[in-house]
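Before any comments, here is the structure.
Bear in mind that the values in this text are calculations on the coordinates, not laboratory data. These figures come from a predicted structure and were not determined experimentally. All Cβ positions, glycine included, derive from the backbone under ideal geometry; neighbour counts span all protein chains shown.
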Amino acid sequence: MAIIECIECKGNVSDLAETCPHCGAPVSLSVKTEPKETECFECKKPIKVDQDVCLNCGVRQALKDDLGNKEIAEKEQQENSKETKKPSVEAAKEENVKSEKIASEKAAEPKSKPQVVYVQEEKKKGSVLRTLAIILASLLIFFVLLAVFLPNNVKRDLYQTLGIENSDYVKQNGLASYVEFEAAQRETLFGKTAITGTIRNNHPTATIRTTTLRFNFSDGSEDRQIYKVLPPNSRVKLFNEKFNGHRNATLRSVEVIDAND
């Protein structure tokens, strides 16, 4: 027994009643009855709903659902294959384009590579030459500063340390550093300025024959050549130089400008 809804008035009525107590409509119209027969999907003959095998053709009715599901699966597979074919074709096209680009780049590489290597080698050579030029210029400036600003005793020690005190370079450019002197100022009877002093050569082997001295007065400087033969490790020798000018001037310093053998 079950309470159902009347198809006419929508009221509640028992499924065992013959008519609806509210509107009098037959209850049988409201009861849902399932069909008792259907047709075989293979031979199209009538067959009961609860019958699994068709008595006419012997085909199981459950195969209908299996075949339907199989058809649906095949359709879905076909649709998926169509969708996947499109990207694969596009991917193949992209791969072909990439392979063509790579082939063109490889074909162009032998022409461009030697030029790049040549430019790099030129840059390396240029940088090496610049570095060597900077080093040589630095050494030249260093030796010039040594020759100009170092005291004579320091120059002598440097020549001896390097073992070049007997070289032609020292004889031509560095003999002045081996000259030692003392100088004093005095005035003559005629009002001239005179400088007297001693001079000697400390070089172990070279002989100095001409020495150029620069006398720095308070009113100017004047160079004089002293023609004294100074043997190696010679004793002191006297010199006397007179100057016409520089009256009432004071001798501030004396320096050796040059010395020749």
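For this structure, a couple of remarks:
- Sorting the segments 20-27, 138-145, 211-218, 9-16 by their mean number of nearby beta carbons within 10 angstrom, highest to lowest, gives 211-218, 20-27, 9-16, 138-145.
- Spacing of the modelled spin labels on Asn233 and Arg252, each 7 Å from Cα toward Cβ, amounts to 3.8 nm.
- Packing order of peptides 199-207, 228-236, highest average first: 199-207, 228-236 (average count of other Cβ atoms within 10 Å over each peptide's residues).
- Spin-label model distance (nm) - Arg209 vs Glu100, 7 Å beyond Cα toward Cβ: 9.1 nm
- Relative contact order for the stretch 153-260: 30 percent, from Cα pairs under 8 Å spaced at least 6 residues apart, divided by residue count.
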